[in-house]
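Student: Okay, here's the structure, questions in a sec.
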Amino acid sequence: MAETDKRARLAEIQGIVLFSGLDENELEEVHDLAIRKTFRKGQVIFSQGEAAEGFYSLIKGRVKIFKVNLEGKEQILQFVSPGYPFAEAALFAGKTYPAGAQAVEDSAAYFFESDGFRKLIINRPTIAINMIVTQAGYLRRHARTIEDLALREVSGRLAGYILEKTLDSSNFDLDISKSQLAARIGTVGETLSRTLTKLAEKGFIKVRGRHIEVLNRGGLEELLLGAE
């Protein structure tokens, strides 16, 4: 491998949250285990129930993690952004992937084979600590998703999504399709469209194409809390 290519790969690896704070020698060890893979938009990276041989860290694009029930309905668990790992459960528990992963944009990721990576983190506790912190964040998000699906109406789930996307501003552009958003909040496209219209008619939001502006944050917060 050319030296310039190696430096570029090391820079990509250094940008992954699991490997923040590692020194040059530690990054070299990670580099030696990393296999760079690219995926086309729409390509399935692995399927639910497939044999799990390792995990991935995304460096470009976006990946959705999803489950499919017996009726074939898809529930999106999360979208993975560059810098973050996915399928880490393959390291410690189970022989199969508990969910599927699919590239929603042209993407690139590093693949780490489980056995080799387990040996690495025994000697590099910084990586293990970073993994614990990352997993804690995932657990909080998954717990919120489960609570939403179990306890909230579609309008409340959608309100929660909009509120989360507008923590730092009053508006945002949808960066996923409406069908993906519907799957993310556990509903179907028609219901999502009706709910968006309902929120707009109530004066809570304004929708222009993919752009959503919050007009009444208090109203959305009441929906989130279950007050119809």
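Student: What does the C-alpha gyration tensor say about the overall shape of region 152-224? Classify as rounded when a/c is under 1.5, otherwise prolate if a/b is larger than b/c, or oblate.
Tutor: Rounded shape, in that the Cα axes give a/c under 1.5.
Student: Which angle from 0 to 90°, rounded to the nearest 10, does the C-alpha axis of helix 114-123 make with the longest principal axis of the chain?
Tutor: Tilt of helix 114-123: around 80 degrees.
Student: Give the Debye-formula value of log10 I(q)/I(0) at each listed q (0.07, 0.16, 0.18 Å⁻¹), with one equal scatterer per alpha carbon of the chain, two decimals each.
Tutor: -0.27, -1.13, -1.30
Student: Using a basic spin-label model with each label point 7 Å from the Cα along Cα→Cβ, how many nm lie between Thr4 and Leu215?
Tutor: 5.4 nm
Student: For Arg208 and Ala108, what is the calculated FRET efficiency with R₀ set at 35 Å and r taken between the beta-carbons, to the nearest 0.05?
Tutor: With a Förster radius of 35 Å, E is 0.60.
Student: Run the paramagnetic zone check for Lys60: 7 angstrom along Cα to Cβ, then residues of region 83-102 with backbone nitrogen under 19 Å.
Tutor: 83-86, 102
Student: Let me ask something additional. Once fully extended, how much extra length lies between Ile132 and Glu71, figured as 0.36 nm per residue of separation less the alpha-carbon to alpha-carbon distance?
Tutor: Between Ile132 and Glu71, full extension yields 18.6 nm more.
Student: Run the count for the chain, please: Lys pairs, Cα-Cα under 12 angstrom, 8 or more apart or on different chains.
Tutor: 4
Student: Taking the Cα centre of the chain as the origin, how large is its charge dipole in debye, to the nearest 20, when only Lys and Arg (+1) and Asp and Glu (-1) carry charge on their Cβ atoms?
Tutor: Using Cβ point charges on Lys, Arg, Asp and Glu, the chain gives about 640 debye.
Student: Place a label point 7 angstrom from the Cα of Lys37 along the Cα-to-Cβ direction, then list the residues of region 94-134 whose backbone nitrogen is under 13 Å away.
Tutor: Under cut-off, by backbone N: 97, 100-103, 107-114.
Student: Taking θ = phi - 60°, what integer Hz values does the Karplus form 6.51 cos²θ - 1.76 cosθ + 1.60 yield along region 196-204, in sequence order, with x for Gly and Pro?
Tutor: Here the 3J(HN,Hα) series is 4, 4, 4, 5, 5, 5, 6, x, 7 Hz.
Student: Set Lys and Arg Cβ to +1 and Asp and Glu Cβ to -1, take the dipole of the chain about its Cα centre, and tell me which of Ser193, Ile212, Phe111 lies farthest positive.
Tutor: Result: Ser193, furthest along the dipole toward the positive end.
Student: In a shell of Cβ-Cβ distance under 15 Å around Glu213, excluding Glu213 itself, what net charge do Lys and Arg (+1) and Asp and Glu (-1) give?
Tutor: +3
Student: Under a point spin-label approximation (7 Å from Cα along Cα-to-Cβ), what is the Ala11-Leu163 distance to one decimal in nm?
Tutor: 4.1 nm
Quick note: the coordinates plus some simple rules give every number you see, no bench work behind them. Given the structure is predicted, the values throughout are model-derived calculations rather than measurements. Here Cβ is always computed from backbone atoms with ideal geometry, including for glycine, and neighbour counts include all displayed protein chains.
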